[in-house]
Each structure stands twice: as structure tokens, then as C-alpha cells.
Number of protein chains: 2
Amino acid sequence: MPDRIVQELTAIVGPDAILYKKEDLLAYECDGYTIHKGLSRAVVFPSTTEEVAAVVKYLHNKKIPFIPRGAGTGLSGGATPLGGEVIISLVRMKKLLHVDLENRLAVVQPGFVNLKLTHSISHKGYYYAPDPSSQYACTIGGNVAENAGGAHCLKYGVTTNHVLGLEVVLSDGKVVEIGGVPDAPGYDLVGLLTGSEGTLGIVTKIIVRILKNPEAKRTVLAYFDTVEAASYTVSDIIAAGIVPAALEMMDTVAIQGVEAGTYPVVHPPGIKALLLAEVDGIAAGIDEQVERIVGICEKRGVVDVKVARDEKEHMRWWANRKTAFAAMGSISPDYLVQDGVIPRSRLPEVLAEIQTISERSGLRIANVFHAGDGNLHPLILFDARKPGEAELAVRVGSEVLKVCADVGGTITGEHGVGIEKKEEMRYVFSEEEIEAQIQIREVFNPENLLNPDKLFPTPGRCAEVKKGRQ
Amino acid sequence: MPDRIVQELTAIVGPDAILYKKEDLLAYECDGYTIHKGLSRAVVFPSTTEEVAAVVKYLHNKKIPFIPRGAGTGLSGGATPLGGEVIISLVRMKKLLHVDLENRLAVVQPGFVNLKLTHSISHKGYYYAPDPSSQYACTIGGNVAENAGGAHCLKYGVTTNHVLGLEVVLSDGKVVEIGGVPDAPGYDLVGLLTGSEGTLGIVTKIIVRILKNPEAKRTVLAYFDTVEAASYTVSDIIAAGIVPAALEMMDTVAIQGVEAGTYPVVHPPGIKALLLAEVDGIAAGIDEQVERIVGICEKRGVVDVKVARDEKEHMRWWANRKTAFAAMGSISPDYLVQDGVIPRSRLPEVLAEIQTISERSGLRIANVFHAGDGNLHPLILFDARKPGEAELAVRVGSEVLKVCADVGGTITGEHGVGIEKKEEMRYVFSEEEIEAQIQIREVFNPENLLNPDKLFPTPGRCAEVKKGRQ
């Protein structure tokens, strides 16, 4: 028998757009970060901005916390309930509302799947640049919440560089539109909302920038017998003034994983690191760029280097890379993806430190990462059935983030903070800097009903800096 | 005899670092926007972050409003006193603190002149991308405050895309560091501060991205006998998937101005519009890009098109363009620069409307603009000695901005809102959207001492949306 709140929510969204039985809620107990789980009170599936606004208004009046959710592919627990929240799933708001090729923009609902946008416009010669590895499933609304990245962000930037405007349901149910043009006057609220992990509002419409397909692209795959040689090759490519569309690296454990996965490439045995570099742009001159990359690889003692012969080979190499996380399931019962950022020049040293942490902890760590922009994804392999090993994996992840922070990097490049890295925010922010952010949250979300207890460490409050406030 | 406040400020910064006599203050009665003028109480010239913090703490305690100021080249009155404020000039904080070529960043003090950064690193093959026309004089601190743009922002983005981190003195004198790495976790406070026009804090240190010099560049100059043909050429170039580093346009009145200025190019007579396009990048293939641009110009009936033969010609063409505003002084006693943004596809129609406004008002309007990204700079020519003509120019400017807003554009691309466009903010923001921004300001600047009465319309307050606030 549904309780009163479920009944009233049902009255807003209709009986086909709500889940509240425990067995149904179990599917929503976490997102792609499976370490923490929690039970929500209900999951609603609004179909319109008006329904989102009505649900939020209702919950705001009842002082019930709520969590926006896209496809649930997030990797830091941003959409995971802590207990008793109402999840507002945006997956039914999945329309492509408008495409304006001439002005290079598209308007989508938040539940529209990332890759579908490119599929919808590719026949006209356009695409949407941010390409998280989960792009076949993840939604653009979720991408905005997490400021999602992807392999091609080296050249094209992360989600925030592609969002022009937003329609947002505020924490009390009011609907506002912000932005709409690049670099609008006033404070950059679109930038502020993007990456705010569902704590400032619920995005119900997104204007994104779309790009013209590059006339040509080439993909280079290079094998190295040391991680250092691969790292220096990355630095040399960038130093040469080449801006690859993507510049990815995998180490030996990661290579073992992908070779055991769904899209093996048959990489040669004994390889310690591989680089996958893509260049794109105007056709004229692209082969010269490839030659220069190959030349740099050779100078750094590459074992073997090859250029994709055709689109099929290009796609196969990328499938191998993009499914790397999932492929770890083939070599380990469980794995935890981390997401740290370091200055590119510190790559060899940080990878060595990660190796030391791995040996000390006894957990294998695979490194799959966006080398060009120093965004590491250490995959910590563990077995949850062994007592204490999940906890150990979490501690190892935190240690790795500390290393990243200590060399002047940060604790997340694209996966967000969520539940997972709340405490690690202290590695990179002072108490005052965290407090300044919490004060911003209070402007938009004064009662902390919107995705509470995420993003910032608990308690994280500091009375001293609040004295100047009205 | 200096008053008590001047004496106490002198005790902080020293007697050589303060101006307070009326004849000295007159030099600070406005910035590059000369329509509004006001007298400050004093101008202080701190040399360190500590001095800035001490000055701010003092003024905060005394509840005296204050205005940060860079080189005073701003074009919307952001650094203009309204009466009685203390101006905090950052021009003595002009050091280049650190350059890290490997990680592509530089750390500068706010008074460091924009172009000096490129001059300091160009021998190593690097440069700083944002290039406002005033770059020989304007400071990077001022650029951050205004989120300054420039001709090359079409390809490289405006200032916010190049700022990695900031040291900021808050309104009560506390010093915080924010950002430091690209896409840091938490709310994007660096993005929020950038373009906040001195209302949220005083930037005392800036970490900027630096770029590798492009291997090659080419500049194309094309003449058209209609503005429409030039506009369509712009659209065609972008539609062809070419991303020029810059794509500039001048109309016939602007051409008359630059030809009478310091750097004439001897453009052919009777021309209605000229385009200046620059492509840069890897040397291989660049000539093919130029050929394609020339081909597109020819298809659109270009009168004449040529490619710069050498660096000298390239520099001369750019000097002609970059000094266009100042050159208007040769054909008109006074001029007012406007700064609107429109969707690129609406160029011909908006230029026609501007022409209508010009004819109706009797004031000539020259158009000099970043055509590639739809950022218009109508220069409204007037004679301040004729009674009422300055006021008419201001009204005409506002009318032009209304046209921009009405076609889905906005009221400033790179010059900021300042005093000039406070009221025009209503063209693009609802009362609630303005109120949300004012609430953000209150977090950082609760007593509105920092650059008060700028950026937002007066009164701009709306009781209704405040009810949810703590």
C-alpha cells in the first residue's frame, strides 16, 4: 500500500511514472559507483518540465530531499540515495527539440542520450564533441551535472565548453532559463550549474554547441616497452605544437584487461604501454601530422607504431579503448575506477608512485587514461568477496588521489565528486574555499534538499567565515 | 590637507602610492567609456597582495566602497567611480611571476600588460591567446574582470577559456586561491569570478594557459561591393568546416575611418565591406585552407582578394584593423563603441537594421567586428559639442543592443556591462535571473562595497523571489 507521499507524487506524474516498492527501488540503489548503496523513498519519471517543477514544488513544501538522475552511469555516486530521498529520473525527457545547423547548436531534453545527438546530425556532417566512454548510454543532462569529459576533450574541451544555455528547475520548483549565447553578460551561471552535480537545480533543457565533422582523421597506435618512453612521447607530441583530438595511454595491466574483453585488438605480448593518438581537421596536411607523431614515437624508441588503415580499424582500436573499464571484469571480479588529474610533466613519477601503492597494498592497478591532458584513470582491481578488500580498494583510491593532489593536480577530471570523493575535497580545498562553495549552494538550494550530502565533506562548515554574511 | 581616511590609507601603502588631490583624481574620473564620469575619494597603488588585503580590510571596516582598476582601457565604465569610492589601481603589481612551458602555464600579477606576456615567451615559441585590441596597454587583471575577448577568440576562446586559477582578495580582505588546474572539482568559482567586473573580489594573481605558437599562419584580405556578400562569405567559410583563427569585417564607414587613421592600407575606393581572415596551425595544408577561403570569396563575387605576402604585410593589415576604434577620431570628433552579439546567420538582417537606425537618428555608424563569432562593434559617430548628441548616441547604442537581443543575441561580447549597459541587462535577463545573480554577489560581497552599482540594473531587486532564502 503506497504511503501518502507516494500517492501525492502519483497524482502529479501518473501511476505509470513512479516506482516505490522495495524490489523496484533496488535497481536505483546506486549508480556506476557501486561501493555505496542506499534506498530511496520513490523514483518518479516526469515527462515534462512542468511535471519536474510540480514534483519539486511538492517535495520542497514537504521538505523531502530529492536527487536528479540520468542514465545512472555516473562513477562517483552522484545519483546514489543515502536513504529516503525521492529520485527524479529524467530518462523520459529524451527528446531532441531543435537543431540549428547554421548557428551550430542543438536543444535537447536532459534524458537525451549523448551518442544519439551525434547520430541525429552526422548525416548532415555534424557531431557533438564531448564523448565519455559511456556515451552510448549516458544522458546529456547527466553530462551537464558531472561536467563529463571523454577521450576527445584534449582538443575540444569538456561538457562546460559545449553548453550554451540551460532551462533549470530551481530547488523550490521555479523554472528559469540561463545563458543561451556564448559568454553571456553577468555572472557565468551556466558555467556554475555545469558540474554542480545536481546540487543547484535540475536541468530540464540544454542548448549545446555542435561541431562540423572534421574533414579527415587519422589514428596512430604505438607500443612501448617502458611507461616512461610512452610518457615522454606524450610530452614531445604536445611540445611539438600538435594538438591531437585524443591522446590515450594504457599500461600493461590495462592491456591484459582489454585483450580479455569484448573488443581485443591482439596487441603484441610483453608491451608495457600503448598510446592511441588521433589527429583530425582539414584533410590537407593531416598525413604530415601523422608522420611527425610517428617520428616522435621512433625517437623515443617505440617498439611498433601503426596508422589505422581504414574506418573499421579506427573503430576497433577505439572500441578496445572505450570498453577498457568494463573489460577489467574479465581479469578481476571487481574494480574501482579512479579519476585524478596531474600536470602532464609529472606522468612518469606519478605512475611510479601508483605502482608502489599497488605493490604495498597487494591490489593490482591498471592505468587507462587521457594522457594528453594528464587525466589518469587508475582501475583498482579487487575481489569484494574477500573480507576487507573493497575497503582496501577505496583506501588505495584515496591514496592515489592524494598523490595527484600533492603534485599540483586534482581529485577528479571528469567523474565528479559525488559521495565517493567528498572527503578528498580537503586535499585540494581549504575549509574557507569549501565554505565559499557551500554558500553558493545555499543561494540556489537554501534548505539543502537537492542531492544533499554530496560533493562537499561533512560537516565542512566553518562558523568563522560566515560572519560577513547577511 | 588629506583627510583622516587618506592618512590612514597612506599609512598602509606609503605616501608615494596614493593620490587624493582633485587635480590628480581627474585622470581617474572614467575609463575608456567616457560618457559617464565621477570623482573618487582617492586612488591607491598597492604593490603586494598583502597591501591590497590591508587596504580592503580597512575600507571594509569603514564601509567605504572601492573599485579595482587595471589600465583603465575598459569600454563600459567598469572602473569609473560614481562618487566617493576608493580606486585600487593594480598597475604596480605588474610582475610575471612564473612561466612553466612544459605544463603550458604562466603566473602573472594583475597589472601585467596583456601583450607583454606574449613578448616574454615568444622567443621560446609560446604566446598568450586572448588579444583585445588594447592589448598593448590593458592588463591581464582587467581582462579577467571583463572576460576580455579579441580578434583571435573565434578559434581560441575568450579570457575565461585561458584562466586556470586565481588568487583573490575577498570583500573583507581575506585572501583565497581558487582553481589552479583545468576543470577543478566543485563549483566553477574561477569561471564565476572571470567576467564578474570587479564585483566579487580583487584578483591579485592569475594562472593563465599559454599556447605554442602556430607553425604557420596566413592572412587573407577580401573586398566586397555589398555587406551581404561579405556576410554570406563568413557563413560559407564556417560552414565549410574551416575554423579561422580570426575572421573580421569592416563596413564602408569603418574603412573610411581606418584609411584616415595612423595605419592606412590603401583599400580600393567604393568598397562596401572587407573581410580579414587569418588561418593558423600546422604548416602542412595551410595553403590549401587559404585556397578554399579564396575560392569561397570568389563564389560570393569578391571584388578583390589577396593573401599577405609576408609578416610585414600581415602586421600592417592587422594594425589597420586593431586601431580601427582610435582611427574613428579622424573622421568624427567623438564616437561610442558598442558591443553586441548576434547569431552569425542573422548578420545581413541586423546590419540592415543598424543602417536604418543610423539613418533615422542622423548619426553615422561604422561597423568593425568579429564576424566569425557574430560579435558586432558598431561605432556610433557623434559630436559632443552639439547639444544632445552624446545622449542621442547613447540612445542609438541602446537601440542597437535591443536589435541584437531581439534576434537571440546579447548585449555584450567582450566589453562588459559596467555602468553603460546596466539597464540593457533587462533586454536579456528576467527580474528573477538578475536577482539570482545579485544573490551570488551577496555571497562574495554582502555589503556591496566592491564596485557598487555596476553590472545590474537599479533597483533590480524583487522581493518575491527572495522568500526561499535563509
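Are any residues in the range A:444-459 at the interface with chain B (Cβ under 8 Å from one of its Cβ atoms) and buried (at least 22 other Cβ atoms within 10 Å of the Cβ), and if so, which ones?
Selection gives A:444, A:455, A:456.
Could you list, in sequence order, the residues of the range B:420-436 that are buried (at least 24 other Cβ atoms within 10 Å of the Cβ) and more than 9 Å from every other protein chain (Cβ to nearest Cβ)?
B:420 - this is the single residue of the range B:420-436 that is buried (at least 24 other Cβ atoms within 10 Å of the Cβ) and more than 9 Å from every other protein chain (Cβ to nearest Cβ).
Condition check: surrounded by fewer than 21 Cβ atoms within 10 Å (Cβ to Cβ), more than 12 Å from every other protein chain (Cβ to nearest Cβ) and not in a loop (DSSP other than H, G, I, E, B). Does residue B:357 satisfy that?
So residue B:357 fits the description; yes.
Out of A:158, A:108, report the one residue that is at pLDDT below 95 and β-branched (Val, Ile, Thr).
On inspection, the qualifying residue turns out to be A:158.
Would you check if there is a residue in the range A:338-354 being outside any loop (DSSP other than H, G, I, E, B), modelled with pLDDT of 95 or more, surrounded by fewer than 20 Cβ atoms within 10 Å (Cβ to Cβ) and not assigned by TED's automatic domain parsing to the domain that holds residue A:254?
Yes, some residue in the range A:338-354 is outside any loop (DSSP other than H, G, I, E, B), modelled with pLDDT of 95 or more, surrounded by fewer than 20 Cβ atoms within 10 Å (Cβ to Cβ) and not assigned by TED's automatic domain parsing to the domain that holds residue A:254.
Which of the residues belonging to the range B:125-147 are within 14 Å of another protein chain (Cβ to nearest Cβ) and within 23 Å of residue B:219 (Cα to Cα)?
B:125, B:126, B:127, B:129, B:130, B:132
Tell me the residue from A:409, A:397, A:374 that is over 23 Å from residue A:234 (Cα atoms) and either at the interface with chain B (Cβ under 10 Å from one of its Cβ atoms) or at pLDDT 95 or above (or both), please.
Answer to the check: A:397.
Would you mind stating whether residue A:228 is among the acidic types (Asp, Glu) and either over 30 Å from residue A:277 (Cα atoms) or touching a strand residue (DSSP E or B) at 6+ places or on another chain (Cβ under 7 Å) (or both)?
no
Output the residues belonging to the range A:251-294 that are closer than 26 Å to residue B:239 by Cα, crowded, with 16+ Cβ neighbours inside 10 Å and small (Gly, Ala, Ser).
Those that are closer than 26 Å to residue B:239 by Cα, crowded, with 16+ Cβ neighbours inside 10 Å and small (Gly, Ala, Ser): A:281, A:284, A:285.
Closer than 24 Å to residue B:35 by Cα, of a type in the set (A, V, I, L, M, F, W, C) and more than 14 Å from chain A (Cβ to nearest Cβ): which single residue out of B:326, B:273, B:319, B:308 fits that description?
Residue meeting the stated conditions: B:326.
Of the conditions (1) assigned to a helix (DSSP H, G or I); (2) away from chain B (no Cβ under 14 Å), residue A:296 fails just one. Which one is it?
(2)
Run down A:195, A:186, A:191 and say which single residue is at the interface with another protein chain (Cβ under 7 Å from one of its Cβ atoms), buried (at least 24 other Cβ atoms within 10 Å of the Cβ), over 27 Å from residue A:81 (Cβ atoms) and within 17 Å of the chain's Cα centre (by Cα).
A:191 is the lone residue from the list that is at the interface with another protein chain (Cβ under 7 Å from one of its Cβ atoms), buried (at least 24 other Cβ atoms within 10 Å of the Cβ), over 27 Å from residue A:81 (Cβ atoms) and within 17 Å of the chain's Cα centre (by Cα).
The values are calculated or read from the model by the stated rules, or taken from the named source; none is laboratory data. Model, not experiment: these values are computed from the prediction. Methodologically, a virtual Cβ is constructed for each residue, glycine included, from the backbone with ideal geometry; neighbour enumeration extends over all protein chains shown.
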